[in-house]
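Just so it is clear, none of the values below were taken in a lab; they were calculated from the coordinates. Just so you know, these numbers come straight off a predicted model, no measurement behind them. Using ideal geometry, Cβ is built from the backbone for each residue, glycine included, and neighbour counts are taken over all protein chains shown.
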């Protein structure tokens, strides 16, 4: 890893707490490079990728659209309701994501870099970062935002939230907690403040 990297922020939170809003602000306004675990996870299951072939072997070709691309909703319906299947899938995807992070970090010359990792704790990637930022909001807000964003029924949204490590456990291990229960401006002010304190 490049020794000039002084600070590697691991950005995480719960599903629908507002992590994407924070990473977008850090990238576009603060001009800090953001490496995104979700984009690497999508790469891992690209059409014709070895990992997608393994997934098809396990669940059958019905897991894909007719054009050969992964049907994420179908896969989500399987893994969000079955811990064993979720772990199996993560064991296939997480090593690829780790490898992509390490490649990109070695090529990065910036003094601050953000690793946007929704499953930072669950995928045991905390060793990659020098500090942890957690985006939080109330459970009620999280539930409503997830239902609205993904057009989910309450029961399904609750299952997705509970499939992750409890938000409070993430908060307890954070160096910075960004409270996203108020306005966007209030959230942006917290980001600016955290960068000033930490620089």
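Size descriptors for the range 1-122, from the alpha-carbon set: Rg then Dmax equal 16.1, 47 Å.
Placing a pseudo-label 7 Å from each Cα along the Cα-to-Cβ vector at residue 139 and residue 107 gives an inter-label distance of 4.3 nm. Remark: relative contact order (the range 45-105) = 26 percent; criterion is Cα-Cα distance under 8 angstrom and separation of 6 or more residues. Against the chain, whose longest principal axis is taken from its Cα atoms, helix 83-107 shows a tilt of about 50°. Among 59-71, 167-179, sorting by the average number of other beta carbon atoms lying within 10 angstrom of each residue, highest first, gives 167-179, 59-71.
Pull out the extension gain between residue 87 and residue 73, defined as 0.36 nm times the separation in residues minus the alpha carbon to alpha carbon distance; nm, one decimal.
Numbers: separation 14, 0.36 × 14 = 5.04 nm, distance 1.72 nm.
Result: 3.3 nm gained on full extension.
For the range 51-96, rounded, prolate or oblate, judged on the Cα gyration tensor with a ≥ b ≥ c (square roots of eigenvalues), a/c < 1.5 rounded, else prolate if a/b > b/c? Oblate. Packing here is the average count of other Cβ atoms within 10 Å per residue, and on that basis the peptides 22-35, 115-128, 150-163, highest first, run 115-128, 22-35, 150-163.
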